[in-house]
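The values are calculated or read from the model by the stated rules, or taken from the named source; none is laboratory data. Since the model is a prediction, treat every value here as computed from it, not as a measurement. Positions of Cβ are backbone-derived with ideal geometry, glycine not excepted, and every protein chain shown enters the neighbour counts.
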Amino acid sequence: MKAFLKNYRQAPRKVRLVVSLVKGKSVSEAIAELDFLAKRAGLPIKKLLMSAVSNAKNMGIDIENLFIKEFRVDKGLTMKRMMPAAMGTGHRINKRTSHLNILLAERVAAVKKSKKQSCRLSTESTESKALSGK
């Protein structure tokens, strides 16, 4: 379940602040966090997350078990602009963009054996071997 956003017009450094908050969380937790975040990158990241969830739905995966496995923010294009300065000179302004890639994965509940169960299983197997004469 992947989704990507290319050439988002905000510097990667600013976007990474928001991404680091939601990385590794479940989808429902991440959406709740992004709803109340006072950063400009919050809304586009939420839209990207919802797009990845929609892609997962199309593949027939249960949304309750999804979590953000990987969320990468890479440098995109840099638009170069000029700002007039004193004495007829000009200073360069870099307008940076970001590429966002999200990867969702399904969390599988692991079945844990207790120590007593594993001891019982081993003693039962040794008893059955002893009874069979091996």
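Results, tabulated for the structure shown:
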item	result
Residues that are at pLDDT below 95 and surrounded by fewer than 14 Cβ atoms within 10 Å (Cβ to Cβ), drawn from the stretch 62-79	Asp62, Glu64
In the stretch 57-71, the residues that are closer than 14 Å to Ser26 by Cα and either of a type in the set (Gly, Ala, Ser) or part of a helix (DSSP H, G or I) (or both)	Ile63, Glu64, Asn65
Breaking point among (1) farther than 30 Å from Ile93 by Cα; (2) assigned to a helix (DSSP H, G or I), for Gly24	(2)
Hey, Val53 within 24 Å of Thr97 (Cβ to Cβ) and touching a strand residue (DSSP E or B) at 6+ places or on another chain (Cβ under 9 Å) or not	no
Close pairs (6 angstrom Cβ cut-off, 6 or more residues apart or separate chains): at positive phi in the stretch 62-79, exposed (fewer than 13 other Cβ atoms within 10 Å of the Cβ) and at pLDDT below 95 anywhere	none
Residue, farthest from Tyr8 (Cα to Cα), within the stretch 34-56, restricted to residues that are assigned to a loop (DSSP other than H, G, I, E, B) and either hydroxyl-bearing (Ser, Thr, Tyr) or touching a residue at least 24 places away in the same chain (Cβ under 8 Å) (or both)	Lys39
Yes/no for Ser26 being crowded, with 16+ Cβ neighbours inside 10 Å and hydroxyl-bearing (Ser, Thr, Tyr)	yes
Among the residues listed as Lys6, Lys2, Lys57, the single one being among the basic types (Lys, Arg) and modelled with pLDDT of 95 or more	Lys6
The stretch 1-21: number of residues that are polar (S, T, N, Q), closer than 20 Å to Lys95 by Cβ and surrounded by fewer than 18 Cβ atoms within 10 Å (Cβ to Cβ)	1
